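Have a look at the structure below, then the notes.
The values are calculated or read from the model by the stated rules, or taken from the named source; none is laboratory data. A quick note: this is a predicted structure, and the numbers were derived from the prediction, not measured. Methodologically, a virtual Cβ is constructed for each residue, glycine included, from the backbone with ideal geometry; neighbour enumeration extends over all protein chains shown. Accessible surface areas use protein heavy atoms only, side chains included; no ligands, DNA or RNA. Shrake-Rupley method; radii C 1.70, N 1.55, O 1.52, S 1.80 Å.
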Amino acid sequence: LWGAPPPALRPARADGAAMVLAPSARGLGDWNPFAPRAERIREGGCEVDFRMEIVHLTKRRVSGGVAIAAPAADVWRAVTSYERFPDFIPSIISHDVRRGGAGRAVIDQVSQLSRRLNMRSQMTLEAVESPDARSVTLRRVSGHGFLEFEGQYSLSPRPDGSTYLGYSVELVPCPIFPLPLVEQKIRKEVPKMLAAMSRYARRL
């Protein structure tokens with residue numbers, strides 16, 4: 001089914017946009033097609049960590065982050081600027097934010113999955129802020145395109161005054177969406193989003 005197993009992976013330098021995991025001659029018996037795929041991707045002048053894992057047949061877990069030369073307070077302002085999300089995520093077509101109390105908001109969002117195939121997702125997301133934990137959770141409430149979607153931003157201040165912005169999401173796309181297309185879209189959009197948030201936070 002999987003063909004000949006590739007060699008194990010070890011970090012290697014790439015000349016292109018990404019720092020990818022390249023083959024090693026050791027550990028052939030440890031090869032696992034479901035092992036996480038980790039990369040360091042250069043996007044918009046930033047080095048973005050990116051990792052995709054297969055949770056089960058159709059469920060994916062994506063995680064990563066970016067180091068931002070800005071204090072945590074400015075990064076927090078960027079992450080909670082929900083109205084600016086279309087500036088960070090190019091695939092958003094329409095976006096409406098309704099803010100409630102106690103650090104909560106409801107976001108109605110339509111995104112383009114594939115312009116060529118005219119595939120779109122529509123979701124209502126609930127944003128819940130946890131200032132003490134320096135995290136924001138975005139959870140699917142309703143919609144189509146994804147059966148499950150729960151993402152989280154987390155902030156980790158560093159001694160030098162910079163902040164590491166982490167991002168993770170677990171998702172299950174609807175069966176009508178080809179999974180390879182969804183994976184490709186996520187790999188393209190997540191680094192762009194983190195790099196855009198980094199640029200915005202540094203301007204605050």
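Taking 0.36 nm per residue of separation and subtracting the Cα-Cα distance, full extension of the segment from residue 37 to residue 158 would add 40.9 nm.
Roughly how big is the range 49-122's charge dipole about its Cα centre, with Cβ charges of +1 (Lys, Arg) and -1 (Asp, Glu), in debye to the nearest 20?
Here the size comes out at about 280 debye.
About its Cα centre, the dipole of the range 57-204 is roughly 400 debye, where the only charges are +1 on Lys and Arg Cβ and -1 on Asp and Glu Cβ.
Counting only protein heavy atoms and a 1.4 Å probe, the range 36-101 has 48 square angstrom of accessible area per residue. The alpha carbon radius of gyration of the range 47-193, expressed as a multiple of 2.2 N^0.38 Å, is 1.04. Compared with the direct C-alpha span, the chain from residue 122 to residue 147 gains 7.9 nm at full extension, assuming 0.36 nm per residue. Once the Cα-Cα distance is subtracted from the 0.36 nm per residue extended length, the residue 47 to residue 110 segment shows a gain of 19.9 nm. Is the shape of the range 84-158 rounded, prolate or oblate, going by the alpha carbon gyration tensor and its root eigenvalues a ≥ b ≥ c, with a/c under 1.5 for rounded and a/b larger than b/c for prolate? Note, shape of the range 84-158 comes out prolate. Computed from the Kirkwood radius of its Cα pairs, the Stokes-Einstein diffusion coefficient for the range 143-204 at 20 °C and 1.002 mPa s stands at 157 µm²/s. The H on the amide N of residue 174, modeled in the peptide plane, is under 5 Å from the matching H of 145, 146, 147, each at least 5 residues off or on a different chain. Here residue 139 and residue 73 are evaluated by their C-beta separation; at R0 = 30 Å the FRET efficiency comes out at 0.75.
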